[in-house]
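All remarks here apply to the structure that follows.
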């Protein structure tokens, strides 16, 4: 009664030891899954925010490209706009380097270092430092796993099968506009509009992917919380004492014991020696 448990040691209920240990193991696993889901949700939210900002940045680039394609612009004004685009490219690289607790969330399985760094001398305006795949998956407490991330190449530096920049390559689109503005290339600015729009659509699709991940994590977290409550209940049914019943039994035992003491007190206390001379 003082412990609140009817099973404190194995000998209290040997037949219940196996189920009790299994339930405890299940709860430990579920607790770890909940912790993993919390971390994955933090990553997904950070990615969602970064990509939302990146998509807004691409809108700004489209506006600059449209202005650069205007015949009224001069070489000087295009150079001024080029500096703005260069800043946008640097900011986009920083989004690809988004970190959560010291981990680069777009760096796939090599999350201790960034995937890209800016390099205005390269064809895409960046250097690719690695291309580690994002193979880690999120465990669903209902069973199975699901993907929770994309690597930086898939998000920002999409390529064709031959390794050349794809039409929706974010860095290549920005760098194409940068080169057109630096070269006072009106037609190049006009061509850049389409590339930037494709890249912007790609970023929106990537953002939608992370939105779906957040929804799945939320559902999995809700299930894990409910499952934990269920496991606690099942463990309690085996391990916890029924306090009202135990209290009643204790009261009855005390009553019986007191009655026994009283009966013993009323018994004759003479012995054979009392009758011997």
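Values in this text are rule-based calculations from the coordinates and carry no lab data. Model, not experiment: these values are computed from the prediction. Neighbour counts run over all protein chains shown; Cβ positions are idealised from the backbone, glycine included.
Quick notes on this structure:
- Distance in nm between pseudo-label sites at residue 26 and residue 222 (7 Å out along the Cβ direction from Cα): 2.2
- In the stretch 130-224, Rg over Rh equals 1.16, where Rg is the alpha-carbon radius of gyration and Rh the Kirkwood radius from pairwise Cα distances.
- Kirkwood-Stokes translational diffusion coefficient of the stretch 119-181, alpha-carbon pairs, 25 °C, 0.890 mPa s, µm²/s: 181
- Sorted by Cβ neighbour density within 10 Å, fewest at the top, the residues 219, 202: 219, 202
- When each of the peptides 20-32, 38-50, 152-164 is scored by the mean number of other C-beta atoms lying within 10 Å of its residues, the order from highest to lowest reads 38-50, 152-164, 20-32.
- For the stretch 27-238, the normalised intensity computed at q = 0.13 Å⁻¹ comes to -0.74 (log10 of I(q)/I(0), Debye sum over alpha carbons, equal scatterers, no solvent).
- Cα centroid separation - the stretch 165-236 against the stretch 42-99, whole Å: 15
- When each of the peptides 105-114, 138-147 is scored by how many other beta carbons lie within 10 Å of its residues on average, the order from highest to lowest is 105-114, 138-147.
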